Structures are given as structure tokens and as C-alpha cells.
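First the structure, in the form of C-alpha cells, and then the observations on it.
The values are calculated or read from the model by the stated rules, or taken from the named source; none is laboratory data. It should be emphasised that the depicted structure is a prediction, and the values quoted were computed from it without experimental measurement. Every residue, glycine among them, receives a Cβ derived from its backbone with ideal geometry; neighbour counts consider all protein chains shown. We work out accessible area using only protein heavy atoms, side chains counted, and drop any ligands, DNA or RNA first. Shrake-Rupley method; radii C 1.70, N 1.55, O 1.52, S 1.80 Å.
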Amino acid sequence: MAKEQMQLKREAIMQLQHRKMTKSAFFRRGLFLFIGAVLMSVGLEIFLVPNRIIDGGITGISIILSYLTQGPIGVFLTLLNIPFLFIGYKLIGKTFALSTLFAILVMSAGTALLHPVKELTNDPLLAAVFGGIILGIGVGMVIRFGGSLDGTEIVAILVSKKIPFSVGEIVMFFNLFILGSAGFVYSWDRAMYSLIAYFIAYKMIDVTIEGFDESKSVWIISDHFREIGGAIMDRLGRGVTYLEGEGGFSGDNKKVIFCVITRLEEAKLKSIVDGLDPKAFLAVGNIHDVKGGRFKKKDIH
């Protein structure tokens, strides 16, 4: 009987894991993957490529190969990313691989269609700034909706298992090597413009994935925890949770207030805590995603 129950439980879990996406969610994902891939095409063909500015990762390698061979950049973007589709399928899953394939094909077609279009500016600084912004928004949008336009991270995940470096360190080294190559292929001033474009794109990817309304976790330790917790609920409209803690040095029991706010509310929360207990311990950290619970903001006064 116990075995039958366990089997039924496994089947229920499998059904939940393989639940089909609704039509509206499917089309919404496809729409944003399409928009993100088109934006990346615009950033490349209208700003970066005509001004001999590259990005990091597979995109940067594709730009250099396209310049050296005079071949279409879309072909290199597709060919170089195909091996990582299979790796991504093994590591992450079918949905990720299909989303990535769709985004790459749209991006490749977009670069081919936009290639004859004249660039909007010949100023390399403007091209680096606006190209980086548009490219970063496009890549971030694709990542946010379950795809990828660059296999660098997948390579880094695999390599990090063999060598004592983190994924972030491997990606940074890989991209610095590619961006430095622009100095030999083009010129060193173009390599520096490429670094500007890469930095801006990197920041815009974070903003696009996390959103402007980024969430923050807050931990507060104070003897006036009831007053502070009540003020946060009343004046910010945020729910709080009281946790049990123990001082490492004193051994005294402590109440820890935990809550989640947006970064726009951080200054007000600090003023609330400072006004009620200037000696309170306060720690604030970034959160990439919040789901469930009672995070939805209540009315405030």
C-alpha cells in the first residue's frame, strides 16, 4: 500500500512538472523572445557593427569573424550557438533549448534584413552607448523569458567544474580576451569603445531581468521590534515576519524582523528604523525574484 501511494505521488509530481503552458503564456513568451531578438539585431547592425565595435561572448566572436571573412554575421551567430543548444538542452531542458533556438533564428534573420540599413550615427561613443543599451535590453528580455543568445555562460558552467574558478570569473576572463582581440583586429580605440558598450549592455541586462522595481530583503534586530514591525506595516504597507534569534556573544534571545521591500522604499524604511531605534542592527540585500506570500503592497497612510 505504501509503495502504491509513493508511486501515485511520483506520478502526480511528474504531471505537475510536465504541465503544458497555457496558450496565452506561450504567445506572451514567444512575443517577448521575438522583441528581444529584434532589439539585439538593431543594436548590432544599426550601431555596433558599422562602427567596428564588438560585444563580449559568442556575439563578439561572430562580429570579428564576419569582419575578417566578409560573411554575414547572422550565419556565424547561428553556427557558433548551435553546439550550446544541445548542451543547454542537457543542462537546463527542452523549453530553454527551443526558446533559445527561436531567439537565435529571429536574431540571425534580423541581422540579415538590417544589414543594408544605414547606421544611425558615425560617432563611436554614441554607437557604443546606444548600441549597448539596446543590445542589453534585448538580451535581458530573452533571458527573462527563458532563452539565451550567447553560449558563454553554458561553457563557463562546464569549465568551472574542472578548474577552481567561479562561473562569473570565467565569463569575465573570456569576454576580456574577446574584447582585447578587437584591438588587434580593428584598433585599440575601438577595443576601448567595445569595453564601454559591453559594460553598458551588462548593466542593462541586469536592469531588464530584475526590473526597475528591484526587490530588497531587510533584516532588523532591535529590542523595539514590535514598534518597528508595526511602523513598517502601517507606514510602508509591507508585511513583516518575526524570527527567533540568539546573540552569538551574549547568548541572549533576539527577535529578528524580516521583510521584503522595493529599492524605492529603502530610504523610508531606514528613516523609520532610525527614528524608533537608532542603535538597531539593519542589513539590506538584493533579491532577484519574489513570488508568493504576501509581498503585494497594502494600503499605507
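Once you've got the Cα coordinates, tell me which of 162/216; 23/118; 216/254; 90/162; 90/216; 23/94 are over 27 Å apart.
Details: 162/216 34 Å; 23/118 38 Å; 216/254 22 Å; 90/162 18 Å; 90/216 33 Å; 23/94 18 Å.
Cα-Cα > 27 Å for 162/216; 23/118; 90/216; rest within.
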Based on C-alpha coordinates, I'd like the Rg and Dmax of the stretch 95-146, in Å.
13.3, 40
Residue by residue, what Karplus-based ³J(HN,Hα) values in Hz, rounded to whole numbers, does the stretch 48-56 have, using 6.51, -1.76 and 1.60 with θ = phi - 60° and x for Gly and Pro?
6, 4, x, 9, 6, 10, 10, 10, x
Order by protection proxy (mean Cβ within 10 Å, highest first), peptides 219-232, 175-188
219-232, 175-188
Quick one: which residues, 5+ away or cross-chain, put their amide H under 5 Å from the amide H of residue 254? H built at 1.01 Å from N.
245, 246, 247
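If you take the alpha carbon radius of gyration of the stretch 229-272 and divide it by 2.2 N^0.38 Å, what ratio comes out, to two decimals? Don't skip to the answer; put the middle values down first.
Details: Rg = 12.5 Å, N = 44, 2.2 N^0.38 = 9.3 Å.
Normalised Cα radius of gyration, the stretch 229-272: 1.35.
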To the nearest Å², the heavy-atom accessible area per residue of the stretch 191-251 with 1.4 Å probe amounts to 55
Could you give me the ³J(HN,Hα) list for the stretch 186-192, computed from phi with Karplus coefficients 6.51, -1.76, 1.60 and θ = phi - 60°, whole Hz, x at Gly and Pro?
9, 7, 6, 5, 5, 5, 6
In order over the stretch 28-34: 3J(HN,Hα) from phi, Karplus 6.51/-1.76/1.60, θ = phi - 60°, whole Hz, x for each Gly or Pro, gives 5, 4, x, 4, 6, 4, 5
For the stretch 35-143, size of Cβ-based charge dipole, Lys and Arg +1, Asp and Glu -1, in debye:
300
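Apply the Kirkwood formula to the stretch 28-104: the hydrodynamic radius equals the inverse of the mean of 1/r over all pairs of different alpha-carbon atoms; give it in Å with one decimal.
On the way: mean 1/r = 0.0755 Å⁻¹.
Here the Kirkwood hydrodynamic radius works out to 13.2 Å.
What shape does the stretch 200-282 take by its C-alpha gyration tensor, where a ≥ b ≥ c are the square roots of the eigenvalues and a/c under 1.5 counts as rounded, a/b above b/c as prolate, and the rest as oblate? Please report the intermediate quantities before stating the final value.
On the way: a/c = 2.61, a/b = 1.83, b/c = 1.43.
Here the stretch 200-282 falls in the prolate category.
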